[in-house]
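The values are calculated or read from the model by the stated rules, or taken from the named source; none is laboratory data. All figures in this text were calculated on a predicted structure; none of them were measured in a lab. For neighbour counting, all protein chains shown are included, and Cβ atoms are generated from backbone atoms with ideal geometry for every residue, glycine included. Just so you know, the surface numbers come from the protein's heavy atoms only, side chains and all, with ligands and any DNA or RNA stripped out. Shrake-Rupley method; radii C 1.70, N 1.55, O 1.52, S 1.80 Å.
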Amino acid sequence: MAVSLFINDSLFNGDLLEALLKKQLTATARLKDTARLEAALKLVKKTCALMSRDERGVLEPHTDLLSVALAVIGFMVFAALMSQTYLGYEDRSFALENYETASLIAENLADAPALEAESTGLLSAASLDTFSGPNGANERERLFAAFSRNYRFLVEVRTGDGQWHWQIKPDDAEPDAFADGLEKVAASVPVVIKLNPAESVPGTLTVVIYKTEWN
């Protein structure tokens, strides 16, 4: 009887030991799996961190686009500056080349016998009325014929107080030849205008040259 109990107890304890060993092995395997999983997660996190910190990998495409955009903007600014420089040079060139011509024409007209008052060296208001009026086509034609057709200009005479003003234009000019906003250069000379036998006033004679295709 005692031997039987001992045998049964030994068998029971053996089964128990086997079960405990299996549980321990299972727990150990789980720990290993958990450790492997944690290691894998750490590796993934480390890779993501490296990717987020790698500025070359993340920013390189944007850097290329930024470089292209800056190059295009730089070219556009350069082209605009060159265009403005050329236009500014062309404007100054026209003014410098034609101001002297306008001055010479103004001086010649100030001494023109056709505009003088009885050879006194004074401009005649009556003559100015004729040259600027509707009946002065023949006088205007002779006046402008004395100068080169390469220059398109008009003549303005006004008193110093602005009370009297005359404008002489060529009749063969286009309707918009002297329109506002066109590029032009002007030169003036002082004159004395004889309004009537008893009154003479100071004024200015101005020649305005407008830019054309040939100048």
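Chymotrypsin sites (Phe, Trp or Tyr not before Pro) within the stretch 150-209: which are DSSP loop residues with at most 12 other Cβ atoms inside 10 Å? Could you put the intermediate results ahead of the total?
Working: sites: TYR151, PHE153, TRP164, TRP166, PHE178; in loops: TYR151, TRP164, PHE178.
Hits after loop and neighbour filter: nothing returned.
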* Round to the nearest 10 and report in Å² the accessible area of ASP172, as given by a 1.4 Å probe over the protein chains' heavy atoms. => 100
* For the stretch 196-211, take each phi angle, set θ = phi - 60°, evaluate the Karplus expression 6.51 cos²θ - 1.76 cosθ + 1.60, and give the result in whole Hz per residue in order, putting x for glycine and proline. => 7, x, 10, 9, 10, 10, x, x, 9, 10, 10, 10, 10, 9, 9, 6
* Structure fact -> Between TRP164 and residues 5 or more places away or on another chain, the pairs with built amide H atoms under 5 Å apart involve THR159
* **Note, ³J(HN,Hα) from phi for the stretch 170-185, Karplus 6.51, -1.76, 1.60, rounded to Hz, x at Gly and Pro** => x, 6, 8, 7, 5, x, 9, 5, 10, 5, 5, x, 6, 6, 7, 9
* Structure fact -> Using the Kirkwood radius over Cα pairs of the stretch 97-210, the Stokes-Einstein translational diffusion coefficient at 20 °C and 1.002 mPa s, in µm²/s and rounded to a whole number, is 150
* How large is ³J(HN,Hα), in whole Hz, for each residue of the stretch 156-161 in order, when computed from phi with the Karplus curve 6.51 cos²θ - 1.76 cosθ + 1.60 and θ = phi - 60°, using x for Gly and Pro? -> 10, 10, 9, 6, x, 8
* Roughly to the nearest percent, how much of the accessible area of the stretch 97-210 is carbon and sulfur, given a 1.4 Å probe? -> 48
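At 1.4 Å probe size, put GLU118, GLU174, GLU183 in order of accessible surface, largest to smallest. Write out the running numbers ahead of the final one.
Values: GLU118 160, GLU174 120, GLU183 60 Å².
Largest to smallest exposure gives the sequence GLU118, GLU174, GLU183.
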* To do: Can you figure out the FRET efficiency of GLU174 with GLU118, using R₀ = 22 Å and their beta-carbon distance, to the nearest 0.05?
  => 0.05
* To do: For ARG152, list long-range residues whose amide hydrogen, built 1.01 Å from N in the peptide plane, is under 5 Å from its own amide hydrogen.
  => TYR210
* Asked: How many nm is it between the label spots at ASN196 and LEU182, if each spot is 7 Å from the Cα in line with the beta carbon?
  -> 3.7
